[in-house]
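Asker: Let me give you the structure first, and then I'll get to my questions.
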Amino acid sequence: MDIKQERMDSLIIEAYENELKGIASFLHEDIAQNLYAVFNHLQYLQRQSGDSKDRLGIDDMVNLTKRTIEDLRILSNDVHPFFHKGIDGALKSLLISIEKRYGLVVEFKELGDKKDYPILTELIAYRTVKEIMNQTFSYSLPKHVEIYGLWGEALYVKVNFSFGSEGEINRFERLNLTMLALEKRLKAVGGVISFFKKNDKEIEVNIRIPNGG
């Protein structure tokens, strides 16, 4: 891929991320805030209602509105995790959601002082980790996951998956095709990705993007 093509790919990714940021902002700042105003009014009606039947119906609407607001905020974060945080905060949020969904312990460790990386660099690194997670859990369930954020001249993220059996780790190796797609995305910002089997039950994935892309 020549330099001109790499630059074009980078611009396309940047435009895509800006569009997602706008959608996340609309979900969080507009729709969720409007629903919060409805929620407050429903709570007021809840306190004022003297009829038990009416109050029961309002109670249901209050609970439904509250859940919808929470779902919108989760969706907003999922669409664009950097709306209010950098890659470290976005990765922590991702891991919390994985722990809740799968009942799995995921460790996140940071080494070095956090650098000011370009937002596109951080976004691509984050989305690469997320895609690896999604693909891994669609094939098999690891026993343990460790993520290391190594902040230096390059943005470096290492993911260790520990599996309970060799059968589980063999299913993980179907990720080869996914890796090819991720390699192309990372190449747009000068990054690389690799993964290798450490032993019969452990896989290590390495993502590296130079500062500045």
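Throughout, read-outs are computed from the coordinates displayed, never taken from laboratory work. Since the structure is predicted, the reported quantities are computational estimates derived from the model, not experimental observations. Every residue, glycine among them, receives a Cβ derived from its backbone with ideal geometry; neighbour counts consider all protein chains shown.
Asker: What length, rounded to one decimal in nm, is gained on full extension from S165 through to D78, with 0.36 nm per residue of separation minus their alpha-carbon distance?
Answerer: Additional length available on full extension: 28.2 nm.
Asker: What nm value, rounded to one decimal, do you get for the distance between E183 and A37 when each label is placed 7 Å out toward the C-beta?
Answerer: Between E183 and A37, the label points sit 5.2 nm apart.
Asker: If R₀ is 35 angstrom, what is the calculated FRET efficiency for the pair L64 and E131, using the beta carbon separation as r and rounding to 0.05?
Answerer: Efficiency at R0 = 35 Å is approximately 0.60.
Asker: Taking just the C-alpha trace of the range 64-165, give me its Rg and Dmax in Å.
Answerer: Cα-based Rg and Dmax for the range 64-165 come out at 14.5, 47 Å.
Asker: Could you list which residues have their amide H under 5 Å from that of H144, counting only those 5 or more apart in sequence or on another chain, with H placed in the peptide plane?
Answerer: Hits under the 5 Å cutoff: S162.
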